[in-house]
Amino acid sequence: MFRKVLVANRGEIAVRVIRCLREMNIASVAVYSDADRGALHVQMADEAVWVGPAPSIESYLRIECILEAARTTGAEAIHPGYGFLSENAGFAKACAEAGIKFIGPSWEAIEEMGSKTAARRLAIRANAPVVPGTERGIADPEEARKAGAQIGYPVLLKASAGGGGKGMRRVDTEADLAASMRDASSEAERAFGSGEVYLEKLIERPRHIEIQVLGDEDGHLIHLGERECSIQRRHQKVIEESPSPLVLARPELRQQIGEAALRIAREAKYSNAGTLEFLADQHGSFYFLEMNTRLQVEHPVTEWVTGIDLVRWQILIAAGEKLTIQQKDISWNGSGIECRVYAEDPENNFFPSPGRIVQYVEPSGPGVRVDGGVYPGWTVPIDYDPLLAKLSVWADSRPAAIERMRRAVSEFRVLGITTNLALFGEIFADEAFAAGNLDTAFLDRFMQRRFTGAVDPQQLAAIIVAAAKSESQNPQKVLENGSVESAWRAVRRRELMR
């Protein structure tokens, strides 16, 4: 077993890994930038090494600095967390060449599955269903036009080298294709260093279902079931749960999607923890989307329902341990739900809201877990993703888990900055969410319903008058300057500041 492990990340995931290392009696090393000198993960680690200025490209993404920190502290292994270098095949290869164990899959598997087009080809070889689309990146507009005509509109343009919605464009007609292709390629180049894009059939109102896999370095692979991640904003997940409401309605889907995921993982000779993402349509048909060759942000909900510590197994597998769990040993108990608590303003298009946290009180009680990375007095920097914490709950049924989450959200206190906690309170009280009527456009529709749903003329007049008062304007001016939506948002901002 390792004596010392460096955690090449920050925030709540670094804290999560450090806690696991402490339970395993393994010394931990944190890395930090100028912006993170006082960060919680730095305080919790046994040692901490400065790696550069605040911009991640000058600190957390500098491979040689991370490796030097491991060498100087005597760390035998590096846990990359998620984000930053976690899916960088070059980093995993550099670790291997330096004699430092990378806690994750092989660099070859990262490289193959890191390209969405290469992953599609592999999935086809594994006889797994894929969304109709091109198997390789396309640079020529004429080739894209022919592919679009063959696939059928609407289509999605997607970056071959990355995700998170960057380099992605919906294209409804051939006339829009060339301009959309230029924009998508340019954005992909800025985000991932590669402007290669490919075309994929747009699945209308899809559900985002992912399968957690775990495998040792001797080729023994299992899956730990599914997570529903359909509630997203700008293609970033916001709420995740396991089991999926779709699987609760159609239990046979878990085995079908799980077996498809294992076929793909075996074809990739995959080891350690990984996630295969699928789109499912409203009829239950599913299609492979991509693979994340790392731990996922939403891993706690899988840990809740299976009782398996994924981070511990990541470390054990990297240390050469064999996976002692068989597929027949896995059972799924109760329901786990997670929401990502961000420093952002839902009333202002989810704009980041960095600043100093004046008060921070986490909820607790039976079946409540908070994976946090901040504390009272901490200043949330502008340089990184504004994720503060992950709040997750478990109960013996989905309705009970929703009620527990509503209680936990109501107890969570973060003052001094704007967060999305109030929005979660509304979502978990929503009838459509309770019914499990989910798809990737759920949050967009929900935000629309907040200010357009069932508003009678008297209510509308009250909203406009209240907005006018809050902005020191007359009602006519409010209507001239914006829509009812802006008036509603003004009211919401005033209410949240009370």
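The values are calculated or read from the model by the stated rules, or taken from the named source; none is laboratory data. Model, not experiment: these values are computed from the prediction. A quick note on method: Cβ atoms are made from the backbone with ideal geometry, for glycine too, and the neighbour counts reach across all protein chains shown.
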Quiz item: Within segment 36-50, is even one residue surrounded by 20 or more Cβ atoms within 10 Å (Cβ to Cβ), modelled with pLDDT of 95 or more, under 25 Å from the mean Cα position of the chain (by Cα) and under 20 Å from F91 (Cα atoms)?
Solution: no
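Suppose we filter A161, A175 for residues that are under 23 Å from the mean Cα position of the chain (by Cα) and in the same structural domain as E143 (by TED's automatic domain parsing); which single one remains?
Details: A175 fails: under 23 Å from the mean Cα position of the chain (by Cα).
That would be A161, the only listed residue that is under 23 Å from the mean Cα position of the chain (by Cα) and in the same structural domain as E143 (by TED's automatic domain parsing).
Could you say which residue among A92, A119 is free of Cβ contacts under 8 Å to residues at least 60 places away in the same chain, in a helix (DSSP H, G or I), surrounded by 20 or more Cβ atoms within 10 Å (Cβ to Cβ) and not assigned by TED's automatic domain parsing to the domain that holds P386?
On the way: A119 fails: free of Cβ contacts under 8 Å to residues at least 60 places away in the same chain.
A92 is the lone residue from the list that is free of Cβ contacts under 8 Å to residues at least 60 places away in the same chain, in a helix (DSSP H, G or I), surrounded by 20 or more Cβ atoms within 10 Å (Cβ to Cβ) and not assigned by TED's automatic domain parsing to the domain that holds P386.
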Exercise. Just need a number here: residues in segment 317-333 that are touching a strand residue (DSSP E or B) at 6+ places or on another chain (Cβ under 6 Å) and among the small types (G, A, S).
Key: 1
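Could you tell me whether E277 is assigned by TED's automatic domain parsing to the domain that holds H223, in contact with a Gly (Cβ under 7 Å, 6 or more places away or on another chain) and either in a strand (DSSP E or B) or small (G, A, S) (or both)? Don't jump to the end; show me each part of the working.
Numbers: assigned by TED's automatic domain parsing to the domain that holds H223: yes; in contact with a Gly (Cβ under 7 Å, 6 or more places away or on another chain): no; either in a strand (DSSP E or B) or small (G, A, S) (or both): yes.
Against the criterion (assigned by TED's automatic domain parsing to the domain that holds H223, in contact with a Gly (Cβ under 7 Å, 6 or more places away or on another chain) and either in a strand (DSSP E or B) or small (G, A, S) (or both)), E277 does not qualify.
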Practice problem: Starting from segment 21-43, keep only residues that are not assigned by TED's automatic domain parsing to the domain that holds W313, then list their pairs with residues that are assigned to a loop (DSSP other than H, G, I, E, B) and of a type in the set (F, W, Y) whose Cβ atoms are within a distance under 6 Å, requiring at least 6 positions of separation or different chains. | Solution: I26/F2; L40/Y375
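How many of the residues in segment 162-209 are in a strand (DSSP E or B) and surrounded by fewer than 16 Cβ atoms within 10 Å (Cβ to Cβ)?
Our first condition is that a residue be in a strand (DSSP E or B); within segment 162-209, this holds for 169-171, 197-201, 207-209.
Then keep just the ones that are surrounded by fewer than 16 Cβ atoms within 10 Å (Cβ to Cβ); that gives 170.
Residues meeting the conditions: 1.
Going through L323, L316, L295 one at a time, which residue ends up being assigned by TED's automatic domain parsing to the domain that holds G436, in a loop (DSSP other than H, G, I, E, B) and either without any contact (Cβ under 8 Å) to a residue 24 or more places away in the chain or surrounded by fewer than 23 Cβ atoms within 10 Å (Cβ to Cβ) (or both)?
Only one candidate passes the filter, namely L323.
Going through segment 73-130 one residue at a time, which ones are of a type in the set (F, W, Y) and in contact with a Leu (Cβ under 7 Å, 6 or more places away or on another chain)?
Y82, F84, F91
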Self-check item: Residue list for segment 218-254, filter: crowded, with 19+ Cβ neighbours inside 10 Å and assigned to a loop (DSSP other than H, G, I, E, B)
Solution: P243, S244
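Would you confirm, using the coordinates I've provided, whether T293 is of a type in the set (V, I, T) and touching a Pro at 6+ places or on another chain (Cβ under 8 Å)? Break it down into steps so the answer makes sense when it comes.
On the way: of a type in the set (V, I, T): yes; touching a Pro at 6+ places or on another chain (Cβ under 8 Å): yes.
When the stated conditions are applied, T293 passes them.
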